[in-house]
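Below you'll find the structure, written out as structure tokens, and then a few comments.
Values in this text are rule-based calculations from the coordinates and carry no lab data. Note that the structure is a prediction, hence the values are computed from the model and not measured. In this analysis, Cβ positions are derived from the backbone assuming ideal geometry, glycine residues included, and neighbour counts consider all displayed protein chains.
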Amino acid sequence: MDQKTILNESHRAMGARMVPFGGWDMPVNYGSQIEEHHAVRQDAGMFDVSHMRVIDLKGSDTTHFLRHLIANDVARLKEPGKALYSCMLNEQGGVIDDLIVYYLDDTWFRMVVNAGTADKDLGWIIGQSSGFNVEVSPRRDLAMIAVQGPNAVAKTLPLLNDEIRDSAGTLKPFHAAWDSSWFIGRTGYTGEDGFEIILPENDAADFWQKLADAGVRPCGLGSRDTLRLEAGMNLYGSDMDEETSPLEAGLKWTIALEPAERDFVGRKALEAKLAEGKLKTFVGLLLEGRGILRDHLPLFDGDKQIGEITSGGFSPTLERSIAYARVDADAPEQFEVEMRGKRLPVRKTKITFVRNGKACIDL
Amino acid sequence: MSNVPADLKYTNSHEWVRDEGDGIVTIGITDHAQELLGDLVFVELPEVGANAETGSEIAVVESVKAASDVYSPLNGEVVEVNEALADAPEQVNDSAYEDGWLFKLKLADTGALDALMNAEAYTAHAESEDH
């Protein structure tokens, strides 16, 4: 039986088509995935992301522990509320999960991890924490709503209580504000401005309804995927997993190899891989013809297979098919995808296709 | 349950067939099928003049979620395809039984129509698949 978020009834009442996702019963769309996508690019949309797990880490060793646990370096976080994107690696340098961690104070960090990996992550984190003075608390009592789009901030602020509205209104990107029960980050997974709001479960249905009344469109996991694909954001399980190095998933920028003396889990494996060389590269792809690029389709340069698509789909903003792929480092600018027995031309692009409503590549 | 017009015939792979008379039939995918697929973004249609065999792959409909084969419900020759879908595949979502038709066949044997499901049988079939 799939788990249900506190907003399950709200989704059904708003006409959602529900699907199983990572052990949860979640909305894939409320009618049209493409219209939901455009609502986020042009106005404001909201996503129930309560299936993702909030984990609080508290104690005098928390900073020290996180510098051991994750591949990015929380010592970079100086301002309370600042967020950091990171991978959590195994000893082989594969990706256990990708996550966001917020620095609240020197003894309190808040982490948000993926739904499908949450139990695995928690087991790993607790296992790694032995010997550190850190308390690991999964916050199953909290819901999470992402409000995204150029009008998301303006439509959300009037609905917040006075205490948190002022601090939320002046948040810089990738920073968070909080009071005794609500936590608001100026973060997201769409390439648009907006908030991710962590709130008590008991407040969630009422807040969701107020957002809808304010003209924020309910959006399902379908549009969440096409938005993140256009925005150049990786999806755990498709673009990287425990068998994949972040160095071959476009995530080298999230690996803090300096300072050299910080010995995080997976560091030795990454250094060995870098020394070995011959890394595959992670690229964007644009399909030159008609059709849709899909996950796992093979890529060819002449007779030679040079890689595979990791995430593919239709870009509603560009009205073309786009993808991410892992290919040989010497892959040419143009090569071919094999789709239902046919070869079609594709072109390499950067990973970020769309940001803040605008195309970032030439078609 | 989605819309299942009483005057059409159906297959268990979710195609509909309209008898236009003179051995010509129009074929598309059902409202139920388009609902399951979600927004269509690409439709690959057969060539006019192509030979269609019952149960063979004849077209492909791709939604934001997945690609799905369309099977020919009957034997015949493709005499017309819905060219408008090249630029407007969403017509299949908006109007599965009218503007969203896929192709027309000239039947080899008009008697074969009788073997297809009626609306009542298709409704029962679609409901059984949902459970």
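The label point for residue B:130 and the one for residue A:253, both projected 7 Å from the Cα toward the Cβ, are 4.5 nm apart.
In terms of surrounding Cβ atoms within a 10 Å radius of their Cβ, A:192, A:243, B:80 rank from fewest to most as A:243, B:80, A:192. Within 14 Å, Cβ to Cβ, of residue A:163, how many net charges do the neighbouring residues add up to if Lys/Arg are +1 and Asp/Glu are -1? It works out to a net charge of -3. Under a 5 Å amide H cut-off, with hydrogens placed 1.01 Å from N, residue A:339 pairs with A:344 among residues at least 5 apart or on other chains. Using a cutoff of 8 angstrom between alpha carbon atoms and counting only pairs six or more residues apart, the relative contact order for chain A works out to 18 percent.
Neighbour counting of Cβ atoms within 10 Å sorts the residues A:87, A:219, A:360, fewest neighbours leading, into A:360, A:87, A:219. Taking 51 Å as R0, compute the FRET efficiency from the Cβ-Cβ separation of residue A:212 and residue B:48 and round it to 0.05. That pair, residue A:212 with residue B:48, gives E of 0.60.
For the peptide B:63-73, the mean number of other protein chain Cβ atoms found within 10 angstrom of a residue's Cβ is 4. Please find the FRET efficiency linking residue A:79 to residue A:119, where r is the Cβ-Cβ separation and R0 is fixed at 51 Å, and quote it to the nearest 0.05. That gives a FRET efficiency of 0.95. Taking 0.36 nm per residue of separation and subtracting the current Cα-Cα distance, fully stretching the chain between residue A:260 and residue A:330 would add 22.2 nm. Each of A:180, A:315, A:129, A:167 has some number of other Cβ atoms within 10 Å of its Cβ, and from fewest to most they run A:180, A:167, A:129, A:315. Here, the stretch B:9-120 yields an orientationally averaged convex hull projection of 6.2 nm² when only Cα atoms define the hull. Expressed in Å, the radius of gyration and Dmax of the Cα atoms of chain A are 20.5, 64. Taking B:30, B:11, B:110 as the candidate residues, the one with maximal mean-square fluctuation in a Gaussian network model of chain B, Cα springs under 10 Å, is B:110. Relative contact order of the stretch A:97-183: 15 percent, from C-alpha pairs under 8 Å at least 6 residues apart in sequence. For the listed residue pairs A:304/B:65; A:4/A:155; A:4/A:82; A:58/A:120; A:78/A:172, the alpha carbons are over 22 angstrom apart in A:304/B:65; A:4/A:155; A:4/A:82. Measuring r between the beta carbons of residue B:88 and residue A:278 and using R0 = 51 Å, the FRET efficiency lands at 0.65. Which distance in Å, rounded to a whole number, links the C-alpha centroids of the stretch A:337-363 and the stretch A:200-241? Computed from Cα coordinates, the inter-centre distance equals 23 Å. How high is the relative contact order of chain B, given as a whole-number percent (alpha carbon pairs under 8 Å, six or more residues apart)? Relative contact order comes out at 31 percent.
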